[in-house]
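Inspection log for the structure reproduced underneath, given as structure tokens.
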Amino acid sequence: MNDKRIPWDQYFMTQAVLLSLRSTCTRLSVGATIVRDKRIIAGGYNGSVSGDVHCIDEGCYLVDGHCVRTIHAEMNAILQCAKFGVATDGAEIYVTDFPCLQCTKMILQAGIKKIHYLRNYHNDAYAMSLLKRMHVEVQHVKFTEEEIAAVSMDRILHQDQL
């Protein structure tokens, strides 16, 4: 970080991490940021349908071990684009956790060409093969200690004392 600014990938991933802090899921907090031409076009986090009860309030509604109340972060971000008429074709998505198979298929159908992820999470073999066959690039985003320090809230809040 020669100019004291974090690289673009870490910047957009940090946005996804911040979005994950809004998650209402008690099992895993996930955030997603959709980007085109270095501009954020949408963001989402996992949670219930807007206006409905949340898992943090009533617990998870589990069917076959999966919470069916929760809309995944990737889906929320793509649906935000659909709701407001923003094209996703050719965009990239930054997601805190590797997308599940259903989200992977939705990402493909939305025309998103690159997936950046922070953490592995049940990386599905079929999802990986689909991404490869559809020529969607997948990048594991990592943070250096210096980049982690750069986005530290403590550092930001106490910048005048540095």
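Details
- If the condition is being assigned to a helix (DSSP H, G or I), surrounded by 13 or more Cβ atoms within 10 Å (Cβ to Cβ) and either touching a Phe, Trp or Tyr at 6+ places or on another chain (Cβ under 7 Å) or of a type outside the set (Gly, Ala, Ser) (or both), then the range 53-84 contributes Cys55, Ile56, Ala73, Glu74, Met75, Asn76, Ile78, Leu79, Gln80, Cys81.
- Filtered residue count, the range 119-132, keeping only those that are surrounded by fewer than 13 Cβ atoms within 10 Å (Cβ to Cβ) and either touching a residue at least 60 places away in the same chain (Cβ under 8 Å) or assigned to a helix (DSSP H, G or I) (or both): 4
- Residue satisfying all of: in the range 85-106; within 15 Å of Tyr45 (Cα to Cα) and without any contact (Cβ under 8 Å) to a residue 60 or more places away in the chain; surrounded by the fewest Cβ atoms within 10 Å (Cβ to Cβ) among these: Cys100
- Neighbours by Cβ (under 6 Å, 6+ apart or cross-chain): first from the range 27-53, closer than 16 Å to Leu79 by Cα; second charged (D, E, K, R) and at pLDDT below 95: Ser48/Arg69
- Condition check for Ser152: under 21 Å from Met13 (Cβ atoms) and free of Cβ contacts under 8 Å to residues at least 12 places away in the same chain: yes
- Scan of the range 138-149 for residues that are surrounded by 15 or more Cβ atoms within 10 Å (Cβ to Cβ) and either assigned to a helix (DSSP H, G or I) or of a type in the set (Ser, Thr, Tyr) (or both), ordered by number: Glu147
- From the list His135, His116, the lone residue that is assigned to a loop (DSSP other than H, G, I, E, B) and at pLDDT 95 or above is His135.
The values are calculated or read from the model by the stated rules, or taken from the named source; none is laboratory data. Owing to the predicted nature of the structure, the values given are computational and were not obtained by experimental measurement. Cβ sites come from the backbone with ideal geometry, for glycine too, and all protein chains shown count toward neighbours.
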